[in-house]
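K.L.:
Handing you this structure, nothing more for now.
The values are calculated or read from the model by the stated rules, or taken from the named source; none is laboratory data. Note that the structure is a prediction, hence the values are computed from the model and not measured. When we count neighbours, we look across all protein chains shown, and the Cβ atoms used for this are built from the backbone with ideal geometry, even at glycine. For accessibility, only protein heavy atoms count, side chains too; no ligands or nucleic acids. Shrake-Rupley method; radii C 1.70, N 1.55, O 1.52, S 1.80 Å.
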Amino acid sequence: MVNEYKNKTFVNYINDLRIEYAVLNLQESKIARKFTLQALAIEYGFNTAESFSTAFFKKTGLKPSYFIKELENKIG
């Protein structure tokens, strides 16, 4: 059903939702931006830092570490 309505697999749909939440959370939480990639992966429902980083890049076009660095430079 997800395949038909969202044009993506269920796993990709769930990962997209997780990454959307991660982006919002990282923008709002200075504390979350201090976490390691592994801690962020677990926080957002991924098993490894690599799977989190891959899904993040696929959705945003940025690696999470670069995204966080840019947020810190912009927001402080």
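K.L.:
Give me the percent of the accessible area of the chain that comes from carbon and sulfur atoms, probe 1.4 Å, all protein chains in place.
P.N.:
Answer for the chain: carbon and sulfur cover 56 percent of the accessible area.
K.L.:
Roughly how many Å² of E28 are accessible to a 1.4 Å probe, to the nearest 10?
P.N.:
150
K.L.:
With a sphere of radius 9 Å drawn around the Cβ of D16, what net charge do the other residues whose Cβ falls strictly inside it have (Lys, Arg +1; Asp, Glu -1)?
P.N.:
Every neighbour counted, the sum reads +4.
K.L.:
Which entry is the computed Rg/Rh (Cα atoms, Kirkwood Rh) for this structure: (i) 1.05; (ii) 1.01; (iii) 0.96?
P.N.:
Read-out taken from this structure: (ii).
K.L.:
Once you put a point 7 Å from the Cα of Y21 and another 7 Å from the Cα of N47, both along the Cβ direction, what distance in nm separates them?
P.N.:
About 1.9 nm, to one decimal.
K.L.:
Quote to one decimal, in nm, the extra length available between E72 and A32 on full extension: 0.36 nm per residue of separation minus the C-alpha distance between them.
P.N.:
Net length gain for the segment: 13.3 nm.
K.L.:
Here's a follow-up. Accessible area per residue of the chain at 1.4 Å probe, in Å²? If you can, show how the numbers build up before the last one.
P.N.:
Numbers: 5220 Å² over 76 residues.
Per-residue accessible area for the chain comes out at 69 Å².
K.L.:
Continuing with the same structure: Net charge around L37, counting only other residues with Cβ within less than 11 Å of its Cβ (Lys, Arg = +1; Asp, Glu = -1)? Each step should come with its number before you reach the end.
P.N.:
Details: positive: K63; negative: E43, E50.
Once positives and negatives cancel, what remains is -1.
K.L.:
Whenever you get a sec, line up I19, I14, I42 from highest to lowest accessible area (probe 1.4 Å, protein heavy atoms). All intermediate terms of the calculation are to be shown ahead of the outcome.
P.N.:
Working: I19 0, I14 50, I42 110 Å².
Ranked list, largest accessible area first: I42, I14, I19.
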